[in-house]
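What follows is a short report on a single structure.
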Amino acid sequence: MLDIVTLGADVLRMNAEQIENVDDQIVKLGQDMLDVMRFEDGIGLAGPQVSVLKQIFVCQVHQNEARVFINPQIIATSHELLPYEEGCLSIPGVFADVKRPAAITVQALNERGRPFKIDAEGVLARVIQHEMDHLRGVLFVDYLDEEVKKKLLKIYDKKMSRKVGR
Ligand code: NI
């Protein structure tokens, strides 16, 4: 199974490249990413989190169908912003409220390389925006107030060093 990298890994801070060709390798990558996301009880996972610097992410919210997004682009956002508590498989155990547009329209290619467009709101809009940030090296903690971010990451570092020490 693919390994998920955590905070501190350079790859989480880099820009992902466009996918020129949705070939068998990309199809397999999408499936593997869905597998590891489900295994880790996540609702979204982006390429850089599994050390693949490509414009791909997967998500599955509630009982909705699992989706693969390739070369995604946000083409519209609502003016309304909403706070919502986010977490990330690459920063386990850290959760914080982030304000983002409540609704978005996204276009992307699916796992067969076919273009699709979706209007998303609620948790789905949230996950898509969070995962798209991963494709440009942005993490949800970057939206937090400096003091809050420092405090949360201190707690996180302590927890992680204890884990490593075991
Ligand atoms: Ni994340």
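The values are calculated or read from the model by the stated rules, or taken from the named source; none is laboratory data. Keep in mind it's a predicted model, so treat the numbers as computed, not measured. Note that each Cβ is placed from the backbone with ideal geometry, even for glycine, and that neighbours are counted across all protein chains shown. Heads up: the accessible areas ignore ligands, DNA and RNA and are worked out on the full protein's heavy atoms, side chains in. Shrake-Rupley method; radii C 1.70, N 1.55, O 1.52, S 1.80 Å.
Can you tell me which residue among ARG162, ARG114, ARG136, ARG126 is open to solvent by 10 Å² or more (accessible area, probe 1.4 Å) and at pLDDT below 95? Spell out how you get there, then give the answer.
Details: ARG114 fails: at pLDDT below 95; ARG136 fails: at pLDDT below 95; ARG126 fails: at pLDDT below 95.
Within the list ARG162, ARG114, ARG136, ARG126, the selection yields ARG162.
Kindly indicate whether GLU85 is within 14 Å of the ligand (Cβ to nearest atom), at pLDDT 95 or above and either open to solvent by less than 30 Å² (accessible area, probe 1.4 Å) or aliphatic (A, V, I, L, M) (or both). Don't jump to the end; show me each part of the working.
Values: within 14 Å of the ligand (Cβ to nearest atom): yes; at pLDDT 95 or above: yes; either open to solvent by less than 30 Å² (accessible area, probe 1.4 Å) or aliphatic (A, V, I, L, M) (or both): no.
Here the answer is no, as GLU85 does not meet what is asked.
Between residues in the range 26-45 that are farther than 15 Å from GLU131 by Cβ and more than 15 Å from the ligand (Cβ to nearest atom) and residues that are open to solvent by 90 Å² or more (accessible area, probe 1.4 Å) and not basic (Lys, Arg), which pairs lie under 7 Å by C-beta distance while being six or more apart or on different chains?
Short answer, once both residue conditions are applied: ASP35/MET1; PHE39/MET1.
Looking only at the range 31-58, which residues are surrounded by fewer than 16 Cβ atoms within 10 Å (Cβ to Cβ) and either touching a His at 6+ places or on another chain (Cβ under 9 Å) or among the small types (Gly, Ala, Ser) (or both)?
Answer for the range 31-58, where residues must be surrounded by fewer than 16 Cβ atoms within 10 Å (Cβ to Cβ) and either touching a His at 6+ places or on another chain (Cβ under 9 Å) or among the small types (Gly, Ala, Ser) (or both): just SER51.
Could you run through the range 104-141 and say how many residues are farther than 21 Å from GLY8 by Cα and near the ligand (Cβ under 10 Å from one of its atoms)?
1
List pairs: first in the range 134-147 and of a type in the set (Lys, Arg) and assigned to a loop (DSSP other than H, G, I, E, B), second at pLDDT 95 or above and surrounded by fewer than 16 Cβ atoms within 10 Å (Cβ to Cβ), Cβ under 7 Å, 6+ apart or cross-chain?
Partner pairs satisfying both residue conditions: ARG136/ASN15.
Out of all the residues in the range 1-19, which are touching a residue at least 24 places away in the same chain (Cβ under 8 Å) and open to solvent by 60 Å² or more (accessible area, probe 1.4 Å)?
So the first thing to find is which residues in the range 1-19 are touching a residue at least 24 places away in the same chain (Cβ under 8 Å), and the list is 1-7, 9, 11-19.
Within the range 1-19, MET1, ASP3, ARG13, MET14, ASN15, GLU17, GLN18 qualify.
I'd like the full set of residues that are in a loop (DSSP other than H, G, I, E, B) and buried (at least 19 other Cβ atoms within 10 Å of the Cβ), limited to the range 20-30.
From the range 20-30, those in a loop (DSSP other than H, G, I, E, B) are 20-23; that's our starting set.
VAL22, the sole residue that qualifies.
Within the range 148-166, work out how many residues are touching a residue at least 12 places away in the same chain (Cβ under 8 Å) and outside any helix (DSSP H, G or I). Can you show your working first?
Step one: filter the range 148-166 for residues touching a residue at least 12 places away in the same chain (Cβ under 8 Å), giving 148, 152-153, 155-156, 159-160.
Cutting the leftovers down to outside any helix (DSSP H, G or I) gives us none.
Residues flagged as touching a residue at least 12 places away in the same chain (Cβ under 8 Å) and outside any helix (DSSP H, G or I) within the range 148-166 amount to 0.
Let me confirm something: among VAL106, VAL61, VAL141, VAL148, which residue is surrounded by 16 or more Cβ atoms within 10 Å (Cβ to Cβ), at pLDDT below 95 and among the hydrophobic types (A, V, I, L, M, F, W, C)? Give the steps one after another, and end with the answer.
On the way: VAL106 fails: at pLDDT below 95; VAL141 fails: at pLDDT below 95; VAL148 fails: surrounded by 16 or more Cβ atoms within 10 Å (Cβ to Cβ).
When all the criteria are applied, what remains is VAL61.
Give the residue, chosen from ARG100, ARG136, ARG112, ARG67, that is of a type outside the set (Gly, Ala, Ser) and more than 25 Å from VAL27 (Cβ to Cβ). Steps first, please.
Working: ARG136 fails: more than 25 Å from VAL27 (Cβ to Cβ); ARG112 fails: more than 25 Å from VAL27 (Cβ to Cβ); ARG67 fails: more than 25 Å from VAL27 (Cβ to Cβ).
One residue alone meets the criteria, ARG100.
Quick one: in the range 88-103, which of the residues that are more than 14 Å from the ligand (Cβ to nearest atom) and part of a strand (DSSP E or B) is most open to solvent (accessible area, probe 1.4 Å)?
Applying the first criterion (more than 14 Å from the ligand (Cβ to nearest atom)) to the range 88-103 yields 97, 99, 101-103.
Cutting the leftovers down to part of a strand (DSSP E or B) gives us 97, 99, 101, 103.
Working: ASP97: 97, LYS99: 138, PRO101: 30, ALA103: 33 Å².
This residue is LYS99.
Please state which one of PRO72, PRO83 is in contact (Cβ under 8 Å) with a residue 60 or more places away in the chain, assigned to a strand (DSSP E or B) and more than 26 Å from LYS163 (Cβ to Cβ).
Unique residue meeting the criteria: PRO72.
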